[in-house]
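Take a look at the structure set out below.
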Amino acid sequence: MSEELDLIPHIERLAYAVGDAPKATAQLKTKPEDFVVEEILGFSPSGEGEHIYIHVKAIDYNTEYLLSHIARSLGVPKKSVVYSGLKDRYAVASQWFSVHLPGNEQVDLTPINNDNVTVLESARNLKKLRRGAHKANRFTIRLRSVDGDKESINARLESIQKQGFPNYFGPQRFGRNENNITDALASVASGRSPKKRFQRSIEFSTLRSLLFNLSLSERIKEGAWKDALPGDVFALSGTESFFVPKGAENGENEASEKDSIDSRLASGDIAVAGVLYGDGTLPQTDVAAEKLLEVFRPYASIMEFLTSQRVAISVRPFSVLPKEFSYVWEDVDTLILSFSLPKGVFATSLLRECINC
């Protein structure tokens, strides 16, 4: 196990899409208002049912604390309140919750409001909100005290706007000083996962995210993170769906399929997908599978642990093309970025490519 610990890199050592780490620096989150994130649900509640969907804006509240606040304010058990996605504490974040409150009577939501929390809207729905149910997140980020060559920063931003950025799991996934990795590896060494469901989920996610980041970094080093290799699978932009090319017995049809895939990759309609390792058959084959297994080989005990815990294998795109992307220099050393990302994509991974925060 010690050999595996030595091999695990810190996130700062992962490869950059442009080859070199950015030289420019900036201050991020000097105040919560510098990091604004809006959860985009992607559908409308039906207007009737036992569950009240509540759209809440909070300043300097993390999601778990906000959930407890909502439950306490409405006098319901915490298990009656659910959310779709986790949000950072030191930010201005709007997100959706659902509360199980049977009956059709009007519910007073004003107790939720305080100096830091505001109910934006609410509606009833037949089913409760599920984790990961939202479609995307919209960000407005203000970077202060920017120090570096503006032309270089602008060039990196324009590259991200046109070509996207590596879909790394950000440092939030791994905890302070990467303590989540340490805890997860302790479970791997013991062969037992935590009893508490929440902690178990964190450790499984940490291990899968670590392997994914390593495999993406290697593809970037080889210059193939956005280009298809034999045996690759592809994720559809903005969805959780992926597909395997059908292939063809006829060389002409095979060439046509390749042209179609290359065109769709270039447009951002699809992306080459890596794997979130777990129990099941690796969707990649041929060269793509060989590349993955070569990266994963030093971490055999992690792979065996995830398989033994029946964590289902899945895929994740290697690259992301942000939508509604724009940037503006508010003044000589203040940069404002605006963009939308699919759920599960880290804004910090986009920032990592253009500036050190």
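Every number here is computed from the coordinates shown, using simple stated rules; none is lab data. Nothing here was measured: the structure is a model prediction, and the numbers come from that model. For neighbour counting, all protein chains shown are included, and Cβ atoms are generated from backbone atoms with ideal geometry for every residue, glycine included.
Leaving out same-chain residues fewer than 8 places away, which lysines sit with a Cα under 22 Å from that of K246?
Cross-link targets: K226, K258, K291.
Go through N125, P171, N154 and say which Cα lies farthest out towards the positive end of the charge dipole of the stretch 118-188; charges sit on Cβ, +1 for Lys and Arg, -1 for Asp and Glu.
Farthest towards the positive end: N125.
Quote to one decimal, in nm, the extra length available between K162 and E324 on full extension: 0.36 nm per residue of separation minus the C-alpha distance between them.
Residue separation times 0.36 nm, minus the Cα-Cα distance, leaves 57.2 nm.
Hey, got a sec? Which GluC sites (Glu not before Pro) in the stretch 195-254 land in a DSSP loop and have at most 10 other Cβ atoms within 10 Å? All intermediate terms of the calculation are to be shown ahead of the outcome.
Details: sites: E203, E218, E222, E240, E249, E252, E254; in loops: E222, E240, E249.
Those satisfying the criteria are E249.
Near R176, within a Cβ-to-Cβ distance under 14 Å, what is the net charge of the other residues, with Lys and Arg +1 and Asp and Glu -1? Write out the running numbers ahead of the final one.
Details: positive: R89, R173; negative: D88, E178, D183.
For residues surrounding R176, the net value is -1.
Calculate the spin-label point distance for L236 paired with E151, positioning each point 7 Å from the Cα along the beta-carbon direction, and give it in nanometres.
Using points 7 Å along Cα→Cβ, the separation is 4.4 nm.
Which of [x] -0.25; [y] -0.28; [z] -0.21 is the computed log10 I(q)/I(0) by the Debye sum over Cα atoms at q = 0.06 Å⁻¹ for the structure on display?
[x]
Rounded to the nearest 500, what is the chain's calculated 222 nm mean residue ellipticity when only DSSP H runs of at least 4 contribute -39500 (n - 2.57) each, over all residues? Walk me through the numbers on the way to the answer.
Values: 9 runs with 112 residues, N = 357.
Computed ellipticity for the chain at 222 nm equals -10000 deg cm²/dmol.
Of all DSSP beta bridges located in the stretch 1-152, what percent are antiparallel, nearest 5?
On the way: 29 of 32 bridges.
DSSP beta bridges in the stretch 1-152 are roughly 90 percent antiparallel.
Restricting to Cα pairs below 8 Å that are 6+ residues apart, what does the relative contact order work out to for the stretch 43-134? Please round to a whole percent. Please report the intermediate quantities before stating the final value.
On the way: 192 pairs, mean separation 44.4, N = 92.
Across the stretch 43-134, relative contact order equals 48 percent.
What length, rounded to one decimal in nm, is gained on full extension from E304 through to R131, with 0.36 nm per residue of separation minus their alpha-carbon distance? Don't jump to the answer; show the numbers that get you there.
Details: separation 173, 0.36 × 173 = 62.28 nm, distance 2.66 nm.
Taking E304 through R131 to full extension adds about 59.6 nm, to one decimal.
Place +1 on the Cβ of every Lys and Arg and -1 on the Cβ of every Asp and Glu in the chain, take the dipole about the Cα centre, and give the residue among I52, S338, T239 whose Cα lies farthest towards its positive end.
I52
Give the lysines whose C-alpha is closer than 22 Å to that of K128, dropping any in the same chain fewer than 8 places away, or say none.
Partners within reach: K57, K78, K79, K87, K343.
Can you compute the modelled spin-label distance between R13 and H100, with each label point 7 Å from Cα toward Cβ, in nm?
With each label placed 7 Å out from Cα toward Cβ, I get 4.6 nm.
For the chain, calculate the relative contact order in percent as a whole number, restricting contacts to Cα pairs under 8 Å that are 6 or more residues apart.
Numbers: 656 pairs, mean separation 83.8, N = 357.
After rounding, I find 23 percent.
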